[in-house]
Ligand code: PLP
């Protein structure tokens, strides 16, 4: 008789967002005349930029004619997009990444979950705590994480690297040596970034212990400070020890359209075998690429008009971030993030737990945010607000918090 992959049964339910949705629904049912505003959205809200829409229309028209019709896309993605990425995201920043080291995909979520498949099942993983939950969950499914302790919210075999106000939200090198190190900067949920020198230290460490860094740079478009790297390949030696995940979601609004890519340099090897070959093999078999139409639209992001239009969108979100930071500070809260990322990470006041503050915000301000503890044990006592809402709602939410 068939058996299930029991690792899936170990996963705790999607506690965070389902609990938030349940609490919000119960509140709406009880107080239908009190409209709630969400500052908890992790999705973009501005429509796709005009240049992207035009590229989509053109690509659709091409599909209507035999001469310009496109069938299956190449496994690694179209050369026109991979070249645009190599030139604009890497060569322009002084990074040596070739077009054929770029694997176009349908987004960073899938890639960040799937990349672990090319590593041995007994690899030890290290993660920032708190962080985007996909890295741990995908390793749970693969059976790498040991047992779950509900009391502490931790897995026995995962190496947690706390990121708190005390260390400036930059993890210290772990005491136990990992095989795979997931780093996400700018970080979701803390909104923090690390400097090039700090990242260089991680590259040095990974090289010295023979670990691979899986670097999630999904929020690089939000970086505003000069000394914060946009890519791990700005660091010396990273080609030999790092994989980078990128997304078109948060910079160009492709959350619904789906486009991203992963960089696996050919210098990254294990006992002489290129990880590039394994990931290429995986792409060829379990295809998670993007359609021609979407890849054409992605190319539009790199045109001069595209760059200008998406920069405007990012700037609009970052104005929200600034507004949230300043308003919360004026109201006496301690806030972090929001300078190199669309996330504001605040300390909960009066020693409240993350969920207690969630309830206070819901009941007293009718505002929804995200409890920090949902992103990992070190997120307890913190709370995440996002800058992705529209201006008017964000302003209104802040006014309600001020009056609280
Ligand atoms: N990586 C991080 C850190 C994220 O926060 C998210 C989405 O919120 C993703 C990846 C997912 O990106 P994509 O939309 O390209 O799948």
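The values are calculated or read from the model by the stated rules, or taken from the named source; none is laboratory data. Model, not experiment: these values are computed from the prediction. Backbone-built Cβ (ideal geometry, glycine too); neighbour counts: all protein chains shown.
Restricting the search to the stretch 362-377, which residues are assigned to a helix (DSSP H, G or I), crowded, with 24+ Cβ neighbours inside 10 Å and in contact with a strand residue (DSSP E or B) (Cβ under 7 Å, 6 or more places away or on another chain)?
Of the stretch 362-377, the ones assigned to a helix (DSSP H, G or I) are 362-365, 372-375, 377.
Now restrict to residues that are crowded, with 24+ Cβ neighbours inside 10 Å: 372, 375.
Of everything in the stretch 362-377, just one residue is assigned to a helix (DSSP H, G or I), crowded, with 24+ Cβ neighbours inside 10 Å and in contact with a strand residue (DSSP E or B) (Cβ under 7 Å, 6 or more places away or on another chain), namely 372.
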Using the structure shown, decide if residue 338 is closer than 16 Å to residue 221 by Cα, in the same structural domain as residue 107 (by TED's automatic domain parsing) and at pLDDT 95 or above. no
Is there a residue in the stretch 18-26 that is touching a strand residue (DSSP E or B) at 6+ places or on another chain (Cβ under 8 Å), touching a residue at least 40 places away in the same chain (Cβ under 8 Å) and part of a helix (DSSP H, G or I)? yes
Here is a list of conditions, (1) more than 16 Å from the ligand (Cβ to nearest atom); (2) at pLDDT 95 or above; (3) surrounded by 14 or more Cβ atoms within 10 Å (Cβ to Cβ); (4) closer than 20 Å to residue 281 by Cβ, and residue 36 meets all of them except one; can you say which number that is? (4)
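I'm checking my understanding of the structure. Among residues of the stretch 57-104 that are part of a helix (DSSP H, G or I) and within 16 Å of the ligand (Cβ to nearest atom), which one is farthest from residue 279 (Cα to Cα)?
If we filter the stretch 57-104 for residues that are part of a helix (DSSP H, G or I), which is where we start, we get 57-63, 79-93, 99-101.
With within 16 Å of the ligand (Cβ to nearest atom) added as a condition, the list becomes 81, 85, 89.
Numbers: 81: 19, 85: 18, 89: 21 Å.
The residue in question is 89.
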Search the stretch 105-132 for residues being within 14 Å of residue 264 (Cβ to Cβ) and touching a helix residue (DSSP H, G or I) at 6+ places or on another chain (Cβ under 6 Å), and hand back the single one that is farthest from the ligand (Cβ to nearest atom). 118
With the condition kept exactly as written, say whether any residue in the stretch 152-164 is assigned by TED's automatic domain parsing to the domain that holds residue 75 and assigned to a helix (DSSP H, G or I). no
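Do we have residue 275 as closer than 20 Å to residue 134 by Cβ, more than 14 Å from the chain's Cα centre (by Cα), more than 15 Å from the ligand (Cβ to nearest atom) and at pLDDT 95 or above here? Outline the logic, then answer.
On the way: closer than 20 Å to residue 134 by Cβ: yes; more than 14 Å from the chain's Cα centre (by Cα): yes; more than 15 Å from the ligand (Cβ to nearest atom): yes; at pLDDT 95 or above: yes.
So residue 275 passes the test.
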Within the stretch 224-261, which residues are within 14 Å of the ligand (Cβ to nearest atom), over 13 Å from the mean Cα position of the chain (by Cα) and either at pLDDT below 95 or surrounded by fewer than 23 Cβ atoms within 10 Å (Cβ to Cβ) (or both)? 253, 256, 257, 258
Please state which one of 404, 323 is surrounded by fewer than 16 Cβ atoms within 10 Å (Cβ to Cβ), in contact (Cβ under 8 Å) with a residue 12 or more places away in the chain and touching a helix residue (DSSP H, G or I) at 6+ places or on another chain (Cβ under 7 Å). 404
